[in-house]
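Structure first, then comments.
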Amino acid sequence: MTSNTVLQHAQKTASVAKTVAARRGLGLKAIAARFDRAVAKGELGPETDTEALARFHGAVVQGMSAQACDGASRATLKRVADIALSAWPGASGSAR
């Protein structure tokens, strides 16, 4: 996972912040591309907004990373992951 700690000090470390942001952007593009392939293979429905799903996934991962750094337990993070998975397309139909 790409660290998001640099976000807190972006003005002081602008070049590092840009590099980290670019890497996060590449990660989101890779995830969206995988979701696009899943749509093409019928693993996800054709109505799936793959870009939004990738951003949702990124937000959950980044948030969980920050919470882990703040001391959240494995059990707590697992509960967060379980809730995030409930929003997965097909689980409840809400992530479209």
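Results, tabulated for the structure shown:
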item	result
Subset of the stretch 40-88 that is of a type in the set (D, E, K, R), under 21 Å from ARG24 (Cα atoms) and part of a helix (DSSP H, G or I) - its residue that is farthest from the chain's Cα centre (by Cα)	GLU51
The stretch 1-39, subset part of a helix (DSSP H, G or I) and hydroxyl-bearing (Ser, Thr, Tyr), residue modelled with the lowest pLDDT	THR5
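The values are calculated or read from the model by the stated rules, or taken from the named source; none is laboratory data. Here the structure is a predicted model, which is why all the values come from computation and not from measurement.
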